[in-house]
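Let me begin by presenting the structure, written as structure tokens, before commenting on it.
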Amino acid sequence: MSDDEKRLVESIAEMREDEAVALAKEMLARGDDPLRVLELCREAMDIVGKRFEQQEYFLPELVLAGEMLENIGAIAKPLIQEKSGGAAKKLGRVLIGTVHGDLHDIGKNIVSFMLDINGYEVRDIGIDVPVAKFVEEVRSFDPQVVGLSGFLTLAFDSMKETVQAIEAAGLRSGKKIMIGGGQVDEAVRAYTGADAFGGNAVAAVSLCRQWIAA
Ligand code: B12
């Protein structure tokens, strides 16, 4: 990790907002990879999360960390878009939302954005999405892939309920369901009944590529 990269992670983790945003801007302006910059932000978020767990940080720090990430993301995203050249043809439909009880959306928004610039038609139905809303949207939008996002442990039950409700409504066949968010792993995937999990936005795009034949 370069000195600037270290300083970026550290300034976010230490809540030095002005420094973090200015440094990210500087790195992006000189041509550093915007995906790398977002990855560094994620590393910083892990530190923030750990400090929150250890009660060294509290809710205001989580809020500030979220804001910093959104600000840096807003600068990085157009650059990622520029690089990708913007796919004109829509390759398939993906419905995505954060499951009920969970309000985290930064990770989901990155996934939506990456799917969009990679050529998928994305319907993002927001946060704290009730099971019935997912079912209704699956029916009307008829996506090939459904993405469920959640960062809280309680989201695992919401994901499971959502998968079951889609199945119970007779809408599961011919569709793939992927899950993602902070703590999601293979055990969670098996628990929820989803088809796959993805650890980051790039993995979400790979799953869609694999599932939807171009
Ligand atoms: C920022 C933040 C917040 C912000 C959220 C702002 C927002 N608009 O999203 C605010 C302040 C609102 C918040 C609130 C809370 N939070 Co919070 N929060 C975080 C924090 C620090 C960062 C999360 C984040 O945005 N990370 C950045 C993104 C980019 O992360 P990422 O995981 O790399 O994202 C990738 C993947 O997840 C994946 N992905 C995401 N979605 C999907 C979907 C699919 C389909 C796929 C394939 C992939 C995928 O792709 C993303 C992009 O590459 C985490 C700590 C952490 N380490 O994550 C805690 C954390 C998630 N929060 C936590 C808690 C406890 C809370 C609160 C309960 C606190 C409270 N006491 O009120 C509330 C809950 C509110 C609610 N009901 O949801 C805990 C959860 C613990 C648990 N196991 O349940 C964590 C882990 C902190 C901790 N270590 O204790 N939080």
Please go through region 12-27 and pick out each residue that is of a type outside the set (A, V, I, L, M) and touching a residue at least 24 places away in the same chain (Cβ under 8 Å). GLU17, LYS25
Among the residues of region 104-143, write down those that are without any contact (Cβ under 8 Å) to a residue 12 or more places away in the chain, surrounded by fewer than 15 Cβ atoms within 10 Å (Cβ to Cβ) and of a type in the set (D, E, K, R). GLU136
So LEU148 passes all but one of these: (1) closer than 13 Å to LEU95 by Cα; (2) within 11 Å of the ligand (Cβ to nearest atom); (3) free of Cβ contacts under 8 Å to residues at least 40 places away in the same chain. Which condition number does it fail? (3)
Any hit, region 83-103, residues being under 19 Å from VAL9 (Cα atoms) and surrounded by fewer than 17 Cβ atoms within 10 Å (Cβ to Cβ): no
Might you let me know whether region 27-34 holds any residue that is small (Gly, Ala, Ser) and surrounded by 12 or more Cβ atoms within 10 Å (Cβ to Cβ)? no
Only helices (runs of 4 or more DSSP H) wholly contained in region 110-214 count here; list those with 1 or more residues that are within 21 Å of LEU69 (Cβ to Cβ) and in contact with an Asp or Glu (Cβ under 8 Å, 6 or more places away or on another chain). 155-168
At pLDDT 95 or above, touching a helix residue (DSSP H, G or I) at 6+ places or on another chain (Cβ under 7 Å) and not in a loop (DSSP other than H, G, I, E, B) - does that describe any residue in region 85-93? yes
Just checking, does region 56-76 include any residue being in contact with a strand residue (DSSP E or B) (Cβ under 9 Å, 6 or more places away or on another chain), within 11 Å of the ligand (Cβ to nearest atom) and touching a residue at least 24 places away in the same chain (Cβ under 8 Å)? no
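The values are calculated or read from the model by the stated rules, or taken from the named source; none is laboratory data. Quick caveat: nothing in here was measured; it's all calculated off a predicted structure. So basically every Cβ, Gly included, is an ideal-geometry build from the backbone, and we count neighbours across all protein chains shown.
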